[in-house]
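Novice: Could you have a look at this structure, given as structure tokens, before my questions?
Bear in mind these aren't lab numbers, they're just calculated from the coordinates by the rules spelled out. These numbers come from a predicted model, not from an experiment. As a convention, Cβ positions derive from the backbone with ideal geometry for all residues, glycine included, and neighbour counts pool all protein chains shown.
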Amino acid sequence: MELFLDKIQGFLPKSHPWAESILCFDTIDSTNTHAKALASAGAPHGTVLLANHQTGGRGRLGRRFHSPAGSGMYLSVILRPNCPPAELMHLTCAAGCAMCDAVEETAGIRPGIKWINDLVWNKQKLGGILAELSINPNNGLVDYAIVGIGINCTQKTADFPSEIREIATSLHMITGRIIDRNRLAAAMILSLFRMSETLLREKHAIMAHYRADCVTLGKEVCVHRFDEICHGTAVNTDDDGALVVRFADGHHETISAGEVSIRGMYGYV
Ligand code: BTN
């Protein structure tokens with residue numbers, strides 16, 4: 001099923017505040033990159049970009065996000081929360097929970113979240129979130145935030161490039177069904193809208209939901225930081241989404257997502 005604007009709008013309540021600001025592209029380099037350009041040119045809060053295919057899909061830490069035509073959901077939204085950046089530290093976490101809600105509503109399964117931004121199922125990656133902020137240098141407030149989400153929808157194992165085949169999954173592989181991407185897009189838009197309405201007011205409650213979805217907590221993890229790899233146990237997240245790790249000598253560190261990636265002791269999760 002192709003992505004069609006009228007179909008997506010058909011799944012949204014009439015006069016939804018974001019219904020008329022959805023842009024669908026066939027091929028684009030990256031919905032996040034294009035969203036940044038539109039936001040810099042003044043595009044309003046709630047502008048949603050969807051693509052059928054990305055030639056330069058990006059992930060966290062400069063990684064590539066494989067985005068073949070017709071197989072995945074590639075969506076970005078422009079937010080203008082007009083707050084200091086310190087109030088948005090939990091944005092990736094909030095978007096993760098919002099996407100778990102959207103997948104659950106559409107596909108009937110609730111993914112887990114591998115800290116901080118990967119949607120996972122059964123120790124494999126279903127999708128990911130890339131949140132990017134731009135700060136207004138005149139007042140230090142967030143000029144805009146871009147939240148980009150990629151979800152693997154129709155792929156079978158053999159469709160993934162060999163380097164990610166072992167760790168990647170799709171909604172089709174999980175459910176055995178072809179999920180209507182237009183319906184999923186609408187569910188994601190509704191969920192992101194709800195998230196944007198509660199983001200600043202309900203941080204504590206959002207992070208409680210995040211902890212419930214986060215499969216990293218309680219696990220032994222490898223912390224990859226620059227050239228260093230340390231082993232510990234992920235014990236909690238704080239309300240900014242930083243991961244609290246207990247190391248073998250008993251000391252705890254609170255690790256922000258910045259340059260750090262986490263691996264399970266025995267594999268990806
Ligand atoms: C990650 O795996 O680290 C995050 C992946 C985020 C991918 C999405 S697809 C839509 C949006 N456009 C991009 O270039 N990236 C995000």
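Novice: Rounded, prolate or oblate: which fits region 153-269 when a ≥ b ≥ c are the square roots of the eigenvalues of the alpha-carbon gyration tensor, with rounded for a/c under 1.5 and prolate only if a/b beats b/c?
Specialist: In terms of gyration-tensor shape, oblate.
Novice: Which ordering of ARG58, ARG181, ARG246 is given by a fewest-first count of other beta-carbon atoms within 10 Å?
Specialist: Least crowded to most crowded, the residues run ARG246, ARG58, ARG181.
Novice: Moving on to the next point. Treat each spin label as a single point 7 Å out from the Cα along the C-beta direction, and report the ARG246 to GLU87 distance in nm.
Specialist: Here the answer is 3.5 nm between the modelled labels.
Novice: Shape of region 4-55 from its Cα gyration tensor (a ≥ b ≥ c, root eigenvalues): rounded if a/c is under 1.5, otherwise prolate when a/b > b/c, or oblate?
Specialist: oblate
Novice: With a point put 7 Å past each Cα toward its Cβ, work out how far GLU20 is from ASN236 in nm, to one decimal.
Specialist: 4.7
Novice: Please work out whether the chain counts as rounded, prolate or oblate from its C-alpha gyration tensor, where a ≥ b ≥ c are the square roots of the eigenvalues and a/c under 1.5 means rounded, while otherwise a/b larger than b/c means prolate and anything else oblate?
Specialist: Cα axes put the chain in the oblate bin.
Novice: While we're looking at this one, here's another question. Starting with the highest mean, order 66-77, 200-211, 158-169 by the number of other Cβ atoms within 10 Å, averaged over the residues of each peptide. Can you show the working numbers first?
Specialist: On the way: 66-77: 22.6, 200-211: 15.5, 158-169: 13.9.
Top to bottom by mean Cβ count within 10 Å: 66-77, 200-211, 158-169.
Novice: How much length would be gained if the chain were fully extended between ARG263 and THR157, taking 0.36 nm per residue of separation minus their Cα-Cα distance, in nm to one decimal?
Specialist: Here the segment from ARG263 to THR157 would lengthen by 36.0 nm.
Novice: If you average the alpha carbon positions of region 45-73 and of region 76-100, how far apart do those two centres end up, in angstrom?
Specialist: When both Cα centres are located, 18 Å separates them.
Novice: Please list, ordered by chain and number, the residues whose modelled amide H lies under 5 Å from the amide H of LEU126; skip anything fewer than 5 residues away on the same chain.
Specialist: Amide H to amide H, under 5 Å and 5 or more residues apart or across chains, LEU126 pairs with LEU119, VAL120, TRP121, THR169.
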